[in-house]
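Notes to accompany the following structure.
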Amino acid sequence: MFIVTLLTTPTERTLDAALVESLRNAWGGGDIRWLAIDEAAEFAIPQAPDNQWDVWADLQQACVDVLVQPAENRRKKMLLADMDSTMIRQECIDELAAEAGVGARVADITARAMNGELDFEAALIERVGLLADLPETVIEQVLDQRITYMPGGYELVNTMKAHGAYAALVSGGFTAFTSRVAAALGFDENRANTLIAANGKLTGEVARPILGKQAKVEALIEITARLKITEAGVIAVGDGANDLGMLGRAGTGVALHAKPSVQERCDVRINHGDLTALLYLQGYGRDEFVT
């Protein structure tokens, strides 16, 4: 048995009931359950459809995400989330670079690294080097003035936690940012890289070992072992190439507004919904959200 979930942008709420019913009928589905009126709905089907990706492509034009997943074990016991461009809207290093006057150069490297065109570790070292002599106080300034949260993040973390799940934030970014973001959203733990500072200024170096793609996989392995749960009990979310390892191993790996090279390798793609889409995927209705 499989579950089909359809959802659209929460601010628009334009999911057409006739469209949902038409797809249900075409795929031989069961009763439609509305998770949020005009925003998210689901129904069960006996087997995965052969034309899933053709339908997906068509519905993208209507600003609708359609997702098909096994019905068994879809409500997860752990959330493993990337931070930059996932739990927050920005890339922290790009915002620091803008303050240092090298924003365009760093943003280009970031985009290429996140699309898998550059080695993540080498790209991080190069970008951090361009931040040398930036006052350490700029970090707090960027956090206060430039960083905004992705819609639905608080609801995602705290609804899952209210149902007994564990939430971990893992980032190739920096602890100065993950600690603030994790505390604000309610994560149980956070892991990231550490920027080195001396005499009140960034040195242009990052502490070793550098946390990248493999570190996110290791976090998945270590935390599930500690919690005594299986990797199938994890829902992971990210947008960049260095997230692919954890997205591939988690029971449900969600590419959220992801780079093209990442979407190509993920079966669960959210391009129109926000982070609450991860709750709809697990069968939570909006009336169950912790807000």
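The values are calculated or read from the model by the stated rules, or taken from the named source; none is laboratory data. The shown structure was predicted, so the numbers you read here are calculated from the model rather than taken from an experiment. Cβ: placed from backbone, ideal geometry, glycine included. Neighbour counts: every protein chain shown. Calculation scope for accessible area: heavy atoms of the full protein, side chains included, ligands and nucleic acids excluded. Shrake-Rupley method; radii C 1.70, N 1.55, O 1.52, S 1.80 Å.
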In segment 11-36, how many residues are under 26 Å from Met150 (Cβ atoms) and either touching a Pro at 6+ places or on another chain (Cβ under 7 Å) or modelled with pLDDT under 95 (or both)? 4
From Ile109, Ile147, grab the single residue that is modelled with pLDDT of 95 or more, among the β-branched types (Val, Ile, Thr) and either open to solvent by 50 Å² or more (accessible area, probe 1.4 Å) or within 21 Å of the chain's Cα centre (by Cα) (or both). Ile147
In the set Ala44, Ala40, Ala62, which member is crowded, with 20+ Cβ neighbours inside 10 Å, touching a residue at least 24 places away in the same chain (Cβ under 8 Å) and more than 15 Å from Val268 (Cα to Cα)? Ala40
Considering (1) in contact (Cβ under 8 Å) with a residue 12 or more places away in the chain; (2) open to solvent by less than 40 Å² (accessible area, probe 1.4 Å), say which one Gly103 fails and leave the rest. (1)
So which residues in segment 245-266 are touching a residue at least 40 places away in the same chain (Cβ under 8 Å), under 24 Å from Leu124 (Cα atoms) and open to solvent by 20 Å² or more (accessible area, probe 1.4 Å)? His257, Lys259, Pro260, Ser261
Given (1) crowded, with 19+ Cβ neighbours inside 10 Å; (2) farther than 25 Å from Gly152 by Cβ; (3) not aliphatic (A, V, I, L, M), identify the lone condition not met by Asn25. (1)
Give the residue, chosen from Ile221, Ile235, Ile210, Ile196, that is more than 30 Å from Val64 (Cα to Cα) and either assigned to a loop (DSSP other than H, G, I, E, B) or under 11 Å from the mean Cα position of the chain (by Cα) (or both). Ile210
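In the list Met114, Met87, which residue meets the criterion of being modelled with pLDDT under 95 and open to solvent by less than 40 Å² (accessible area, probe 1.4 Å)? First the steps, then the outcome.
Details: Met87 fails: modelled with pLDDT under 95.
Of the residues listed, the single one that is modelled with pLDDT under 95 and open to solvent by less than 40 Å² (accessible area, probe 1.4 Å) is Met114.
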When restricted to Glu121, Glu99, Glu136, Glu140, the only residue closer than 20 Å to Val217 by Cα, of a type outside the set (Gly, Ala, Ser) and over 19 Å from the mean Cα position of the chain (by Cα) is Glu121
What's the number of the only condition in (1) in contact with a Phe, Trp or Tyr (Cβ under 9 Å, 6 or more places away or on another chain); (2) open to solvent by less than 10 Å² (accessible area, probe 1.4 Å); (3) at positive phi that Gly283 fails to meet? (1)
Subset of segment 165-193, residues open to solvent by 40 Å² or more (accessible area, probe 1.4 Å) and part of a strand (DSSP E or B), comes to Tyr166, Asn190, Arg191
Positions within segment 268-279 being assigned to a loop (DSSP other than H, G, I, E, B) and either open to solvent by less than 10 Å² (accessible area, probe 1.4 Å) or without any contact (Cβ under 8 Å) to a residue 12 or more places away in the chain (or both), in sequence order: Gly273, Leu275, Thr276
